[in-house]
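Taking it in order: structure first as C-alpha cells, then the write-up.
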Amino acid sequence: MAAIISIQDLAKTYEGGFEALKGVSLEIEEGEILALLGPNGAGKTTLISIICGLVSPSSGSVSVGGHDILHAYRAAREMIGLVPQEITIEPFEKVINTVRFSRGLFGKRRDDAHIEKVLRALSLWDKRDSRNRELSGGMKRRVLIAKALSHEPRVLFLDEPTAGVDVTLRREMWELVRQLRAEGVTIILTTHYIEEAEEMADRIGVIDHGRLLLVEEKAKLLHQLGRKELVLELTEPLPELPSPLEGFELQRSEDGMRLVYEFDAHAESTGMTRLLGAVAEAKLSLKDLTTQQSSLEDVFLTLVEEGRTGK
Ligand SMILES: Nc1ncnc2c1ncn2[C@@H]1O[C@H](COP(=O)(O)OP(=O)(O)OP(=O)(O)O)[C@@H](O)[C@H]1O
C-alpha cells in the first residue's frame, strides 16, 4: 500500500521554548486505521494539528496525498476531515445546516444526498432540524463527525473520539470507523484507551514526550502479547538446573528460588506438560506455580518508561 501521509522529521517548539515534537517521521498508509497512543501531553494533538494546518511546524515536512501541507495547503487540507477533541459547534444553528456549511467551506458544491447519507450513518437524520444546543453531548460529538465527513475526505482524524462517551455510542463510533475504512478512508485516531486501539487499529503508534517510540502492526504486538510466562516458585534454592530441565529455556533467578518459562500462549503445543513432567522427574518441590501474561498496557508502559530513561 502507498503512503497517503508522509511525515519527515517533524519538530515543534512552541513559543516559550517548549518542545512538543522532537523529530517525528511516519508514513501512514492509504486505507489503514492507525491509533496513536500516548499519555497526556505526549504531543498527539500537536502532531494532528500540524498535519491539519492548525499549528505551524518548526521544522520538518508533511505531505498529504502528495501535497505539501505548507506549499499546497488547500489541496492537502481538502483531503482531510478532522474531529477535534473539544466540541466546537454553533449552538443556535440547525444540525443539517451546520454540516452543509462545513462542506461549503471546502468549496464543494451542495450535495444533499451525501449530507443525508452522513447524517443517517450517524443516527442524526431525525435530529436534522434540531438546534445544536438542544442535543445531548453524545449527539454533539456525532455532529462533529458529520462535519468532518461533509466534504468526503480521504483521511479522517479523530482526536480522542470516545473520551467521555457512553458504551453504546463508543460501539457505534467504532462501527462507523470500520464502515469508513471499508470505503477506503484512512483513519488516524488518538486515544488513551488501549482497548480502543486494540479493537480498532491496524497499526499502533506509541508517542511520548514528543517522540514516536514505536509503530507496529497490531497483530504483531498482540502476538508479542501472546507470550506468557510460567513462574515456578521453589521451596529451596536451586544452585543449578538439574539435567531433566536442561533442554528447556528456563531462566533461574539469582537467588535460585524461581524458574521462569516463557511460552507462546497461541501455539498448539506450549511445552508445559513436558516441562511439568521434567520438574517431577527432577523431584523439585514447588511452593507456587503461576502464569502471567503481559497486556498491551504493560508493553505501553514499558515503552514509555524506556523512552524516558533513554534505553
Ligand atoms: N499553544 C501551546 N503553547 C505552548 N505549549 C503547548 C501549546 N499547545 C500544547 N502545548 C504543550 O505541548 C505538549 C503536547 O501537547 P498535546 O496537546 O500535543 O498533547 P496530547 O498528546 O494531545 O495530550 P492529551 O492526551 O492531553 O490531549 C503539552 O505539554 C502542552 O502543554
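The values are calculated or read from the model by the stated rules, or taken from the named source; none is laboratory data. From a predicted model like this one, the values you see are computed outputs, not experimental measurements. Cβ: placed from backbone, ideal geometry, glycine included. Neighbour counts: every protein chain shown. Keep in mind that these areas ignore ligands, DNA and RNA; they rest on the heavy atoms of the full protein, side chains included. Shrake-Rupley method; radii C 1.70, N 1.55, O 1.52, S 1.80 Å.
Kindly establish whether L158 is within 28 Å of E27 (Cα to Cα) and not in a helix (DSSP H, G or I). Criteria met by L158. E27 meets each of the listed conditions (1) open to solvent by 30 Å² or more (accessible area, probe 1.4 Å); (2) modelled with pLDDT under 95; (3) within 15 Å of V155 (Cβ to Cβ) apart from (2). Here is the figure for region 191-242: residues that are of a type in the set (K, R) and open to solvent by 50 Å² or more (accessible area, probe 1.4 Å) total 4.
For first residues located in region 98-122 and of a type in the set (A, V, I, L, M, F, W, C), partners that are open to solvent by 60 Å² or more (accessible area, probe 1.4 Å) and assigned to a helix (DSSP H, G or I) and lie 6+ apart or on another chain with Cβ distances below 6 Å form the pairs F106/E78; I115/R100.
Return the residues of region 164-213 that are in a loop (DSSP other than H, G, I, E, B), within 16 Å of the ligand (Cβ to nearest atom) and either within 26 Å of L10 (Cα to Cα) or not assigned by TED's automatic domain parsing to the domain that holds A35 (or both); say none if nothing qualifies. So that I can check it myself, show each step before the final result.
Residues of region 164-213 in a loop (DSSP other than H, G, I, E, B): 164-166, 183-185, 192-193, 201-202, 209-210.
With the extra rule that they be within 16 Å of the ligand (Cβ to nearest atom), the set shrinks to 164-165, 192-193, 209-210.
Matches in region 164-213: H192, Y193, H209, G210.
For every residue, the table says whether it meets (1) closer than 30 Å to E195 by Cβ; (2) of a type in the set (D, E, K, R); (3) part of a loop (DSSP other than H, G, I, E, B).
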site: V231; (1), (2), (3): yes, no, no
site: P237; (1), (2), (3): no, no, yes
site: F248; (1), (2), (3): no, no, yes
site: V260; (1), (2), (3): yes, no, no
site: A267; (1), (2), (3): yes, no, yes
site: T270; (1), (2), (3): yes, no, yes
site: L275; (1), (2), (3): no, no, no
site: K283; (1), (2), (3): no, yes, yes
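Within region 273-293, being in contact (Cβ under 8 Å) with a residue 40 or more places away in the chain, out of contact with any Lys or Arg (no Cβ under 7 Å at 6 or more places or on another chain) and β-branched (V, I, T) holds for V279, T290.
Looking only at region 48-81, which residues are more than 27 Å from G17 (Cα to Cα) and either of a type in the set (G, A, S) or within 15 Å of the ligand (Cβ to nearest atom) (or both)? Explain how you work it out, then say what you get.
So the first thing to find is which residues in region 48-81 are more than 27 Å from G17 (Cα to Cα), and the list is 64-67, 72, 74-81.
Result: G65, G66, A72, A75, A76, G81.
From the list K228, K220, the lone residue that is over 28 Å from R77 (Cα atoms) and without any contact (Cβ under 8 Å) to a residue 40 or more places away in the chain is K220. Scanning region 175-190 for residues that are buried (at least 20 other Cβ atoms within 10 Å of the Cβ) and free of Cβ contacts under 8 Å to residues at least 24 places away in the same chain yields nothing.
A quick yes/no check of all residues on (1) in contact with a helix residue (DSSP H, G or I) (Cβ under 9 Å, 6 or more places away or on another chain); (2) within 10 Å of the ligand (Cβ to nearest atom); (3) among the small types (G, A, S):
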| site | (1), (2), (3) |
| --- | --- |
| A2 | no, no, yes |
| I7 | yes, no, no |
| Y14 | yes, yes, no |
| G17 | no, yes, yes |
| L21 | yes, yes, no |
| E29 | no, no, no |
| N40 | no, yes, no |
| T46 | no, yes, no |
